[in-house]
Structure formats: structure tokens, C-alpha cells
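Let me begin by presenting the structure, written as C-alpha cells, before commenting on it.
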Amino acid sequence: MRFLKYLISVLASLLFFLNTANAAEKWDMALAYGAGNFHSANATEFAKNVTEKSGGKLTIVTHPGGSLYKGGEIFRAVRTGQAPIGERFMSALGKEDPLLEVDSQPFLATSYDDAMKLYQASKAEIVKGLDQKGLVFLYAVPWPAQGLYSKKKISSVADLKGLKFRAYNSATIRIAELTGMAPTKIEAAEISQAFSTGAVESMITSPTTGKNSKIWENGVKYFYDIAAWFPKNMIIVNKDAWNKLDSATQKLIMSEAAVAEKKGWALSKKGNKDDKKALADAGMVVGKVNSALKKHFEGVGATMSKEWAARAGSRGQSVLDSYK
Ligand code: PCA
């Protein structure tokens, strides 16, 4: 009897210990973009919902603006477990997996509907690739349509030649090369500074990023709405951190991720309109490129598609087949 009591108390304290071990989980979430950005706001809401609904088992604390890790460091930080969870711009990771670049191929998907179709066609392969690197994929949300910003007016391809161009991934570097611009890779957090010091004078990004960096204050007057692609951010989790959670918490995270993904796409669509208007309201000239320039970018896109297909091989081909 005494032994039984002893055994029960040992088991009880063991259970208590396991429970408190669960209760102790705290995840710091690395976000590259500013707190005011819709991706960060959405991720913060996701973190709050998981925290509140997990019954104290998991607390997720967001760190926007690159305050924990800068954009360029986040993938590695999550992969190595320095950060259990983080957000990264997918198409900056082409060296990890060319499939992550599919959403930055110009003119492959030029509307939200097509961007969603392309996401669905590529998701399974991308998730598998991340899993092999020890990462759990949670959700992905696109930026609004990418457009061309310039300090000076652009009326012909000749106007682009030699421009100092801010790039954010290999695809935008390639566009610059094929156009005769001089690219430099710069994280979103450093855009204002790069334009104000004159290090760059043009870039391709969303109306949202232009608005968030108050680009008009740095002498940028023109926004040309090329709308040639919708690149995404993704939220990833380190698998060791993931495996420490019980299955109820894992399920909760996945269902909140689905909610956040849906909200994120809606926020992106809204920003695609509102933020263009914000640029115009701030005095910028917002318009389209002329047909000669459009043709030029389409030609660049065609070259890049071929190059990407060669890099992405049969996995890429099967994604394109199921997209089309
Ligand atoms: N903003 C991010 C990525 C794409 C976008 O719209 C940036 O400019 O870095």
C-alpha cells in the first residue's frame, strides 16, 4: 500500500513536470518588416490568437522590423533553431530551392487569382523541400503587385540604362542586368536611407513598401504599375521546436495559420488599391509603363522563365504543368 502511494505520487509529479514543461514553451518570432506593415500586423494577430487559445502551453512573441534577426538572416536562424519561428520573403531563397522563386517570375501570374493558383500548384513541392531542411511551413501571403519606382521619369528602355537599382532577390537582380540597370541588393528596412543618400534611384516593389518607406520623401516621384508578379512571404517553424509541442497545440497552430493566410491575402488585396492611392495622395505620379517598356519587360520575363525552368528542373516543370 505504501509503495502504491509512493508510486502514485511519483507518477503525479512526473505528470505535473511534463505539463509544466509544455507550459513553458515561448517562441520568439522573427519578422523582417516594420510593425506597421500588414504582414507583420497579420503575424502579430496570429501569434496573439495562438497564445490566447493554447491555454498557456505556448506563447508567441513577435519581433518586427528585423529587431531579432534581419530579413537576410531569418531563414538560417529558424533552420538552425536560433529562432523557433520566423517570416521570410520566399523568392530571396532561390539558392535553397529554386521553387521558392516561382512567384517572382515576371508575368507568370499577374492577378491575385492566378497568384493563388500558382501558390496551390507549387505549395506541396515547396512544403516538401522545406520539410527536408527541418522546417515546418505554416502559411504564405503575397505582397501587392510589384511596380517600378523611379526618381526620374521613365519613357523608354534607354531611360532605364545605367540606373542605380535597388534589388531584393536574384530575380530583380536579373531584371536589372537584362535591362542595363546597376543592381544592389538592399533589405526593405534600409530603403529610405538608400534612396536619400543617392545609393539607388529606382526599384521594383509593391505600393505598400513604397508607402511604408515614405518613398516620396526621398525624391522618388514616379510609380509605374507593371503588376508582373505577386511575391510571397512565408511563416516557417523549426522542426525541433515543433516536435516539442503536443498534438493539440500543433493542430491549433495549423488552424490559426489557415485563418491568418486567408486574412493576409485579403489585406494584400486591399493594400494593392489603398496603397497606390496613398502614393498618389502623397504627390507621386502613379501610372502604367508605355507599350514599348511593357514589351521590354515581357521579353525579360520570357528569358527569365527559361532560365528558371532550367534551374528548377522536373520539379519546376511539374509545378508549371499543374498551374497551366
Ligand atoms: N516588399 C518587399 C518584398 C516585396 C515587396 O513588395 C521588399 O521590397 O523588400
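The values are calculated or read from the model by the stated rules, or taken from the named source; none is laboratory data. What you see is a predicted model; the values in this text were computed from it and never measured. Heads up, the Cβs are rebuilt from the backbone with ideal geometry, glycines too, and the neighbour counts pull from every protein chain shown. Side chains are part of the model used for accessible areas, which takes the heavy atoms of the whole protein and leaves out ligands, DNA and RNA. Shrake-Rupley method; radii C 1.70, N 1.55, O 1.52, S 1.80 Å.
Using θ = phi - 60° and the Karplus form 6.51 cos²θ - 1.76 cosθ + 1.60, what ³J(HN,Hα) does each residue of the range 41-50 get, whole Hz, x for Gly and Pro?
4, 5, 5, 5, 5, 4, 4, 5, 4, 4
Which of the aspartates and glutamates could a cross-linker bridge to Lys26, judged by Cα under 15 Å and excluding same-chain residues fewer than eight apart?
Cross-link targets: Glu52, Asp240, Asp246.
Once a ≥ b ≥ c are taken as the square roots of the eigenvalues of the Cα gyration tensor of the range 15-110, is the result rounded (a/c under 1.5), prolate (a/b larger than b/c) or oblate (a/b not larger than b/c)?
prolate
If you average the C-alpha positions of the range 127-157 and of the range 79-103 separately, how far apart do those two centres end up, in angstrom?
11 Å
Round to the nearest 10 and give me the degree value, 0 to 90, for the angle of helix 170-179's Cα axis relative to the longest principal axis of the chain.
Compared with the principal axis, the helix lies near 0 degrees.
Take the residue pairs Lys151/Lys306; Lys95/Lys306; Lys214/Lys263 and return only those whose Cα atoms are more than 27 Å apart.
Long pairs (Cα-Cα over 27 Å): Lys151/Lys306.
Ordered by residue, what ³J(HN,Hα) values in Hz, to whole numbers, does the range 235-241 give under the Karplus form 6.51 cos²θ - 1.76 cosθ + 1.60, where θ = phi - 60° and Gly and Pro are x?
Those phi angles translate into 9, 10, 10, 5, 5, 5, 5 Hz.
So what's the angle, to the nearest 10 degrees on a 0 to 90 scale, between helix 2-23 and the longest Cα principal axis of the chain?
That helix lies at roughly 10 degrees to the long axis.
Which of the aspartates and glutamates could a cross-linker bridge to Lys294, judged by Cα under 18 Å and excluding same-chain residues fewer than eight apart?
Asp159, Glu177, Asp225
Would you mind classifying the chain by shape? Square roots of the alpha carbon gyration tensor eigenvalues, ordered a ≥ b ≥ c; an a/c under 1.5 is rounded, otherwise it is prolate if a/b is larger than b/c and oblate if not.
Working: a/c = 2.64, a/b = 2.00, b/c = 1.32.
Here the chain falls in the prolate category.
Ala258 to Gln317: extension gain in nm, 0.36 nm per residue of separation minus the Cα-Cα distance?
Result: 18.5 nm gained on full extension.
Suppose every K and R has +1 on its Cβ and every D and E has -1 on its Cβ; what is the size of the dipole of the chain about the Cα centre, in Debye to the nearest 20?
Around 80 debye, computed over the chain.
With the cut-off at 26 Å, tell me which of the pairs Lys123/Lys276; Lys57/Lys270; Lys164/Lys211 have Cα atoms farther apart than that.
Listed pairs above 26 Å: Lys123/Lys276; Lys57/Lys270.
By how many degrees, 0 to 90 and rounded to 10, does the Cα axis of helix 291-323 deviate from the longest principal axis of the chain?
30 degrees
Going by accessible area, probe 1.4 Å, with all protein chains left in place, what is the ranking of Thr208, Thr51, Thr80, largest first? Before the final figure, lay out each step's value.
Working: Thr208 5, Thr51 40, Thr80 85 Å².
The most accessible residue leads, giving Thr80, Thr51, Thr208.
Which aspartates and glutamates have a Cα lying under 13 Å from the Cα of Lys48, excluding residues fewer than 8 positions away in the same chain?
Asp28, Glu256
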